[in-house]
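The values are calculated or read from the model by the stated rules, or taken from the named source; none is laboratory data. Predicted, not measured: the structure shown is a model, and the values here were computed from it.
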Amino acid sequence: MNESAIKADVAASALRGLAAAGYFSPEQLSAMEGILYGKNAPSNPGRQWFSIAEACKYSRLSRTFLWKHYQLGHLVMHKIGHRRLVERGELDAFILSAASSIDVRTRCRG
């Protein structure tokens with residue numbers, strides 16, 4: 001087993017623990033595990049930037065959840081004109097680090 005697979009297993013285990021404690025809905029857990037294991041490919045694999053609505057659809061996380069963590073500094077968004085965009089790699093990194101870097105008091109009601 002390579003190092004990235006081990007890291008994905010550890011992160012998935014932590015996410016399952018948080019889901020069991022009620023911090024994520026089963027749908028959100030499924031989406032996060034899909035990203036960890038590379039199962040949630042976007043409809044356009046070459047797409048590198050998402051609008052907020054597209055980021056919600058890709059990650060299966062709510063707009064409120066993403067916006068809250070943007071305001072807390074956990075997620076990077078880029079303002080271009082009047083739009084805020086999320087880079088796919090930054091969104092994936094946010095989801096991968098969710099188990100360890102997000103304060104569990106910022107509970108999502110799913």
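Per this entry, HIS78 is counted among residues that are more than 16 Å from the chain's Cα centre (by Cα) and modelled with pLDDT of 85 or more. Would you please name the residue that is modelled with the lowest pLDDT, looking only at residues in region 1-30 that are under 21 Å from THR64 (Cα atoms) and not in a helix (DSSP H, G or I)? The selected residue is PHE24.
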